[in-house]
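Note sheet for the following structure.
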Ligand SMILES: [Zn+2]
């Protein structure tokens with residue numbers, strides 16, 4: 001069903017593209033979004049977005065490159081590594097215009113080990129990791145297959161899953177797909193996918209090893225007979241970067257809850273541990289979204305809407321290290337960054353929270 005639909009859409013687009021040689025009714029392969037055509041409008045948008053992007057640290061990873069240049073379409077016209085890099089360099093330009101600080105895994109065509117990419121990101125001090133790729137078809141697909149997809153790590157039932165990754169993926173996916181005029185495909189409702197779909201229980205190395213919110217974008221299929229007509233065009237790569245730029249800015253504009261520890265620990269009269277946290281977001285907190293885990297098990301807690309305080313009472317914990325995880329979403333549906341800490345209980349049962 002999905003394949004048939006994609007086939008239909010692409011056929012129309014290719015037919016339209018071919019028409020451009022002979023007919024004045026031709027539909028172009030791509031078009032600048034209206035705001036990119038007008039310098040003043042574009043500048044204003046960048047200025048507006050700088051309210052959310054200025055001072056933000058963002059790590060961009062152009063997939064492949066150097067010795068890894070094997071991903072090409074069947075005629076060798078488009079090399080994925082090169083398209084990834086052009087999108088990244090354009091995205092860097094837009095982000096810097098809006099005042100963000102950008103780090104790159106590579107700035108030219110060179111080999112960067114897969115494991116080293118997440119290490120670079122983790123050590124850079126960046127707050128986000130965005131890996132840029134272009135897709136190729138699986139066994140059951142062909143060179144008509146073409147859709148935009150954005151991956152987040154793990155699945156929501158697994159402890160490793162951080163919903164903030166999916167939020168970031170949703171925003172980037174939507175604006176990228178819109179800018180490219182390439183839909184998100186029908187394999188998921190919003191064009192975002194768990195990386196467990198590709199590698200069950202493991203996901204993508206760069207996402208699994210990243211300690212900061214991370215997404216991997218498969219902008220389009222570099223093997224698609226339609227995309228090969230435009231992916232080597234620098235102007236089109238600017239449009240792709242612009243879509244990702246807007247998605248990231250809108251994600252930041254929608255804000256996310258901040259979680260802070262109020263008191264390390266108190267003991268109540270019944271030898272229970274009591275931990276107190278403060279949840280805050282300018283749009284308000286969705287109380288139903290709050291979850292608190294100790295040693296990977298969900299715990300009961302109380303939440304006071306007025307003060308924003310979460311009170312967690314647990315039975316006495318054994319001396320040693322315990323895992324704490326809290327998630328909460330704001331009224332826009334955006335989740336907090338991962339709040340994963342350790343509860344350290346000493347032999348005298350005094351407690352402190354550590355990273
Ligand atoms: Zn790739």
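Here, each number is a calculation from the coordinates, and none is a lab measurement. Treat the numbers as computed from the prediction; the structure is a model and nothing was measured. Cβ coordinates were reconstructed from backbone atoms using ideal geometry, including for glycine residues, and neighbour counts include every protein chain displayed.
Report the relative contact order of the chain, percent, no decimals, based on alpha-carbon pairs under 8 angstrom and at least 6 residues apart. All intermediate terms of the calculation are to be shown ahead of the outcome.
Numbers: 736 pairs, mean separation 55.0, N = 355.
Averaging sequence separation for qualifying contacts and normalising by length gives 15 percent for the chain.
Distance distribution P(r), segment 258-354, all Cα-Cα pairs, bin width 5 angstrom from 0: 3, 13, 26, 26, 16, 10, 5, 2, 0 percent. Its Cα gyration tensor gives segment 121-217 an equivalent ellipsoid; the semi-axes, largest first and in whole Å, are 22, 16, 13.
Could you check the spin-label model distance between residue 307 and residue 321? Points 7 Å from the Cα along Cα→Cβ, value in nm. Placing both labels 7 Å beyond Cα along the Cβ direction yields 3.2 nm.
Inverting the mean 1/r over all pairs of different Cα atoms, compute the Kirkwood radius of segment 21-147 and quote it in Å. Walk me through the numbers on the way to the answer.
Working: mean 1/r = 0.0589 Å⁻¹.
Evaluated on segment 21-147, it is 17.0 Å.
With n ≥ 4 as the cut-off for DSSP H runs, can you work out [θ] at 222 nm for the chain, using -39500 (n - 2.57) per run divided by the number of residues, rounded to the nearest 500? Don't skip to the end; give the middle numbers.
Numbers: 8 runs with 108 residues, N = 355.
It lands at -9500 deg cm²/dmol.
Based on Cα atoms of the chain, Rg over Rh with Rh as the Kirkwood radius reads 1.04. Here residue 258 and residue 189 are evaluated by their C-beta separation; at R0 = 22 Å the FRET efficiency comes out at 0.15. A straight line joining the Cα centroids of segment 56-117 and segment 228-260 runs 14 Å.
I want the antiparallel fraction of DSSP beta bridges within the chain, as a percent rounded to 5. Close to 70 percent. Packing, taken as the mean count of other beta carbons within 10 Å per residue, orders the peptides 97-107, 297-307, 214-224, 326-336 from highest to lowest as 214-224, 326-336, 97-107, 297-307. Ranked by the mean number of other Cβ atoms within 10 Å of their residues, highest first, the peptides 201-209, 31-39 come out as 201-209, 31-39. Calculated FRET efficiency, residue 198 to residue 127, Cβ-Cβ distance, R0 = 22 Å: about 0.30 to the nearest 0.05.
Quick check: from the Cα gyration tensor, does segment 129-169 come out rounded (a/c under 1.5), prolate or oblate? The shape class here is prolate.
A Förster radius of 22 Å combined with the Cβ-Cβ distance from residue 346 to residue 295 puts the calculated FRET efficiency at roughly 0.80.
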